[in-house]
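Encoded as structure tokens, the structure appears first; notes follow it.
The values are calculated or read from the model by the stated rules, or taken from the named source; none is laboratory data. Here the structure is a predicted model, which means the values were calculated and not measured. Here the Cβ is made from the backbone with ideal geometry for all residues, glycine too, and neighbour counts use every protein chain on show. Ligands, DNA and RNA are excluded from the accessible area calculation, which covers all protein heavy atoms including side chains. Shrake-Rupley method; radii C 1.70, N 1.55, O 1.52, S 1.80 Å.
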Amino acid sequence: MLTIGLTHYLIVSAVLFCCGVFTMTTKRNAVGILIGVELVLNSAALNFVAFDRYLGPGRIDGQIGALFVVVLAAAEAAIAVGICVNVYKNLSTIDVDKATQLRG
């Protein structure tokens, strides 16, 4: 029987992180970049919980760290959606290359 260890969680987290970075670097619209950032934050939360489970039994520090990551992701998403709506209202597109016209 296969037991799932810390290495398995770290591999999944590394794959999530790489997918998030790849998404952030290749997407041109703001929504795609936002999805990539969320993947990277979920990767960090998975690392917190995995290390807490396998290296520090009896403590909940990793779960509290993951909770802070979730709160940070929610706040970041709310601000990013507000920015996307404002850019769309001004430029009629969410292409980040076109947003260079908004420089002050």
So Ala66, is it open to solvent by less than 80 Å² (accessible area, probe 1.4 Å), under 30 Å from Gly5 (Cβ atoms) and among the small types (Gly, Ala, Ser): yes
Every residue from region 69-82 that is surrounded by 14 or more Cβ atoms within 10 Å (Cβ to Cβ) and over 12 Å from the mean Cα position of the chain (by Cα): Ala80
Test: residue in region 34-55 that is open to solvent by 50 Å² or more (accessible area, probe 1.4 Å) and in contact with a strand residue (DSSP E or B) (Cβ under 9 Å, 6 or more places away or on another chain): no
Leading residue by the ranking (farthest from Val81 (Cα to Cα)) among those in region 1-31 that are surrounded by 15 or more Cβ atoms within 10 Å (Cβ to Cβ) and under 13 Å from the mean Cα position of the chain (by Cα): Ser13
